Amino acid sequence: MGNVEKISVLLVEDEHMLAEILADTLGDRGFEVTVAYDGREGLDAVHRARPDVVVTDIMMPRMDGYTLVRHLREEGCDVPVLFLTARSETEDVVRGFETGGNDFLRKPFALDELIVRVKALAGRSHDSRPVQELFTLGRYEFDAERRTLTLDGRVSVLSGREAEVLAYLCRHAGETVSSSALLREVWGDDSFFNLRSLNVFVSRLRHRLADDPSVEIVSLRGVGYKLRC
């Protein structure tokens with residue numbers, strides 16, 4: 001696997017030995033790595049280093065990963081976040097994404113998988129897609145670039161992942177979209193773990209679109225989804 005240029009990573013991990021191994025591995029692959037050992041240090045490091053991607057553990061002293069990411073999102077910081085976690089229950093996944101996380105990687109994991117996921121998140125943060133994408137969904141107006149969903153003058157701001165999923169469905173409105181294709185486009189791979197995450201985001205988008213019954217994300221069992229509007 002070739003080196004990666006100019007991708008800066010903030011690694012937030014309270015297990016010092018694991019942090020050293022991960023930092024050395026990422027550094028050897030060409031990443032610029034800053035290390036913090038708890039959520040408070042991580043929050044300060046984001047302000048100082050302005051990383052392209054944050055990779056953070058969840059269970060840490062002083063400030064956990066969920067709280068770290070919640071603070072970042074409240075500040076308006078949309079840096080992509082990859083959670084490292086030994087927890088894989090659905091409620092943990094839901095909480096992580098609702099907090100503002102972008103991806104999960106379960107411990108133990110292969111180092112190459114970590115690198116692939118970091119590269120995918122960094123690629124999305126550097127996406128130079130120049131087209132301003134505006135979609136009309138029934139009574140809703142969706143601005144994919146600004147991540148805003150407007151209904152009767154009321155504006156909701158979507159999370160980055162919500163906006164990516166909805167934008168993909170909008171580009172293929174009226175078409176059957178396979179779960180695998182959507183996952184590869186938005187998550188970077190179509191693993192079962194990411195499929196569970198996709199289901200969470202579709203549920204959240206349905207809730208956001210519930211005020212106009214003419215707009216519907218239809219589940220096609222064993223296949224994927226179709227956006228009707």
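The values are calculated or read from the model by the stated rules, or taken from the named source; none is laboratory data. Given the structure is predicted, the values throughout are model-derived calculations rather than measurements. No Cβ is skipped: glycine too gets one built from the backbone with ideal geometry, and neighbour counts run over all protein chains shown.
Can you find a residue that is basic (Lys, Arg) and assigned to a strand (DSSP E or B) anywhere in segment 220-229? Checking segment 220-229: at least one residue is basic (Lys, Arg) and assigned to a strand (DSSP E or B). Across segment 161-200, the number of residues qualifying as among the aromatic types (Phe, Trp, Tyr) and at pLDDT 90 or above comes to 1. The condition of being more than 13 Å from the chain's Cα centre (by Cα), of a type in the set (Asp, Glu) and closer than 26 Å to Asn194 by Cβ holds for only one of Asp44, Asp92, Asp28, Asp78, that being Asp92.
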